[in-house]
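Working notes, beginning with the structure itself.
What follows draws every value from the coordinates through simple rules; no lab data is involved. Only a predicted model underlies this, so the values are computations on that prediction, with no experimental measurement involved. All Cβ positions, glycine included, derive from the backbone under ideal geometry; neighbour counts span all protein chains shown.
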Protein chains: 2
Amino acid sequence: MTKYVHGYTTRENQRLHDQSYILEELLHGGTAYPPGSRVLEAGCGVGAQTIVLSRRNPGTQITSIDFCADSVAKARILARENGLTNVHFLECDILNLPFAAGEFDHVFVCFVLEHIDSPIQALASLKKVLRVGGTLTVIEGDHASAFWHPETPASLKVWRSLVQAQAELGHDPLIGRRLYSLLNTAGYHVEYVAPRWIYADGGDPKLLDGLVNKIMVPMVETAKDRAMDLGLVDPETWRQGIGDLALTGIPPDGSYFYTWFKARALKAGD
Amino acid sequence: MTKYVHGYTTRENQRLHDQSYILEELLHGGTAYPPGSRVLEAGCGVGAQTIVLSRRNPGTQITSIDFCADSVAKARILARENGLTNVHFLECDILNLPFAAGEFDHVFVCFVLEHIDSPIQALASLKKVLRVGGTLTVIEGDHASAFWHPETPASLKVWRSLVQAQAELGHDPLIGRRLYSLLNTAGYHVEYVAPRWIYADGGDPKLLDGLVNKIMVPMVETAKDRAMDLGLVDPETWRQGIGDLALTGIPPDGSYFYTWFKARALKAGD
């Protein structure tokens, strides 16, 4: 429970849902599973991506897992509220999956590898339960891809403290750039790894506000206590940095860029 | 002559031409001027983009200017060697243009604003010689958009010394993120500002090698003397950092990301 850098607060749940709405096409575009497919969503959290995955892939049988019982419980409620009928939830460890070899046609992993200790082992574990010829889709961020205007020392400091706080957990907030390497090492045949970026400026004030104030600032704020505890930043710089980041959401001068990476890989025959 | 961070060496000329070849579609895609158009290319340098612009826009009349006489001379030779017949070169200052108001239908600016003292004044100066309804296209980099794998302290240090060396000249190597703000301030109607990114990994070894070893490493190396003179990095760290950057070009584990920004703006009626 303590090893998710963003924590498990109500506001974080809201951020995850706001984010999945704003970013739906960006993240899910190009992922379409045929009816009848058996899909494993590994690391479903509170179900923010699950409801999108379910809605966009009608007729599939989705199994969504997470190691956190509380998150799975929340995801179950959300699925019920949204009337999802094709999702089965299960609390389990990605390194110890209770499934048969080749049980799934497709595996979907979104914002998970950046939060775990052993991404290569996790990919290897998922490969076992994927059928030969099946696909693995992975979407992860890269926190050093972010930049903004106006950039100030305090905003840089606060952002970098998020990166450091996550790294201190033994996780890699810069994992996006490593996806090809990781998938290759885990023995997948990589079809593509591609940046899925978002950029907003004064030309689209609504997107700029959503990106900065619904996704990025709330995400950084989740790391506040941990950053303070680790002594990565002092309270005054934190306050200043968050204020400066919020200013990047104001037109006409503000701008913000971030990129995730999306990869698709195949399990080749032996 | 001394105020171009990358200098004026033969190797730098070669880099500019290699770069324009690798990046042609990325930079010029979406820019097509009708035959008969009067086009001003402001800041043509040694003509690396001029020959692409000329070839992709047959039937236009292109005037290419640069403040550096030696670069203009090189660009003239290159144009002759490539048989360009629709380009006229002129040595002049972007802030003191020898053209009539509204003389041009379109203005094209590539990798220029990041290298000058007064980008807003330059944009205002160009606006005077653009006709009402004419377009301005601007392409600029943002050096803090770059990231790579493997990332090492020395490679970060060397890359950041390039950024600092350019900033010490009073120029802005992070100007890409400011294009909307600058164009808006200079009184243009901004149609769009969009990232034009390049990413390569082990999935495309040829692109990865070209990006790292034909564009990025040579670009950083042009700033070596200036970075040393300014004491931004010591020789041993420099050697290590350049070596580390070169390793990012090696599959299967290397990867590299960079984004430029491309903007199109209109001169609206008064």
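Listed values, structure above:
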{"read-out": "Overall form of the range A:1-122 per C-alpha gyration tensor (a/c, 1.5; a/b vs b/c)", "value": "rounded"}
{"read-out": "Unit charges at the beta carbon, dipole of chain B: most positive-side option, B:Q166, B:P218, B:V72", "value": "B:V72"}
{"read-out": "Candidates B:N57, B:N13, B:N96, ranked by Gaussian network fluctuation over chain B, Cα under 10 Å, top entry", "value": "B:N96"}
{"read-out": "With Cα atoms, 0 to 90° folded angle of helix B:119-129 axis to chain B main axis", "value": "30 degrees"}
{"read-out": "Dipole in debye (nearest 20) - the range A:135-270, about Cα centre, beta carbon charges: Lys, Arg +1; Asp, Glu -1", "value": "380 debye"}
{"read-out": "Cα lying deepest toward the dipole's positive end in the range B:58-148, options B:S145, B:T60, B:V129, charges on Cβ", "value": "B:T60"}
{"read-out": "Residue-averaged [θ]222 nm for chain B, counting only DSSP H segments that reach four residues, each worth -39500 (n - 2.57)", "value": "-11000 deg cm²/dmol"}
{"read-out": "Peptide A:138-145, shielding by other chains (average Cβ, 10 Å cutoff)", "value": "2"}
{"read-out": "Nearest-ten-degree value, helix A:153-168 long axis tilted from longest Cα axis of chain A", "value": "30 degrees"}
{"read-out": "Cα-based helix-to-principal-axis angle, A:235-247 vs chain A, degrees rounded to 10", "value": "80 degrees"}
{"read-out": "Cα-based shape type of the range B:186-229, given that a ≥ b ≥ c are square roots of the gyration tensor eigenvalues and the cut on a/c is 1.5", "value": "oblate"}
{"read-out": "Dipole moment magnitude, nearest 20 debye, the range A:10-54 about Cα centre, only Lys, Arg, Asp, Glu C-beta charged", "value": "120 debye"}
{"read-out": "Highest average packing first - B:75-84, A:116-125, Cβ atoms within 10 Å", "value": "A:116-125, B:75-84"}
{"read-out": "Residues B:Y4, A:Y188, B:Y33 arranged by fewest to most Cβ contacts within 10 Å", "value": "B:Y4, B:Y33, A:Y188"}
{"read-out": "Using a 7 Å Cα-to-Cβ projection, A:R131 label spacings across copies, nm, ascending", "value": "6.3"}
{"read-out": "Additional length obtainable on full extension of the chain from B:Y192 to B:D234, 0.36 nm per residue less Cα span", "value": "11.0 nm"}
{"read-out": "Lys pairs, chain B - Cα-Cα below 15 angstrom, 8 or more residues apart or on other chains", "value": "5"}
{"read-out": "Cα gyration tensor shape for the range A:122-270, rounded if a/c is under 1.5, else prolate or oblate", "value": "oblate"}
{"read-out": "Most fluctuating residue given options A:D142, A:D225, A:D244, as computed from a GNM of chain A linking Cα atoms under 10 Å", "value": "A:D225"}
{"read-out": "For B:D93, inter-copy label distances in nm, listed shortest first [label point 7 Å out on the Cα-Cβ vector]", "value": "7.1"}
{"read-out": "Exposure proxy order (Cβ contacts within 10 Å, fewest to most) of A:M216, A:M228", "value": "A:M228, A:M216"}
{"read-out": "7 Å along Cα→Cβ, label-point gaps from A:L266 to other copies, nm, shortest first", "value": "4.7"}
{"read-out": "Candidates B:G231, B:G187, B:G170, ranked by Gaussian network fluctuation over chain B, Cα under 10 Å, top entry", "value": "B:G231"}
{"read-out": "Part-to-part distance (alpha-carbon centres) for the range A:1-70 and the range A:86-132, which is given in Å", "value": "14 Å"}
{"read-out": "Magnitude of the charge dipole, chain A, Cβ model with Lys/Arg +1 and Asp/Glu -1, debye to 20", "value": "660 debye"}
{"read-out": "Residue-averaged beta-carbon neighbours from other chains (10 angstrom radius) around A:42-51", "value": "0"}
{"read-out": "Net charge contributed by nearby residues that have their C-beta within less than 12 Å of A:T248 (K/R +1, D/E -1)", "value": "-3"}
{"read-out": "Calculated P(r) tail over 24 Å for the range B:39-192, as whole % of Cα pairs", "value": "38 percent"}
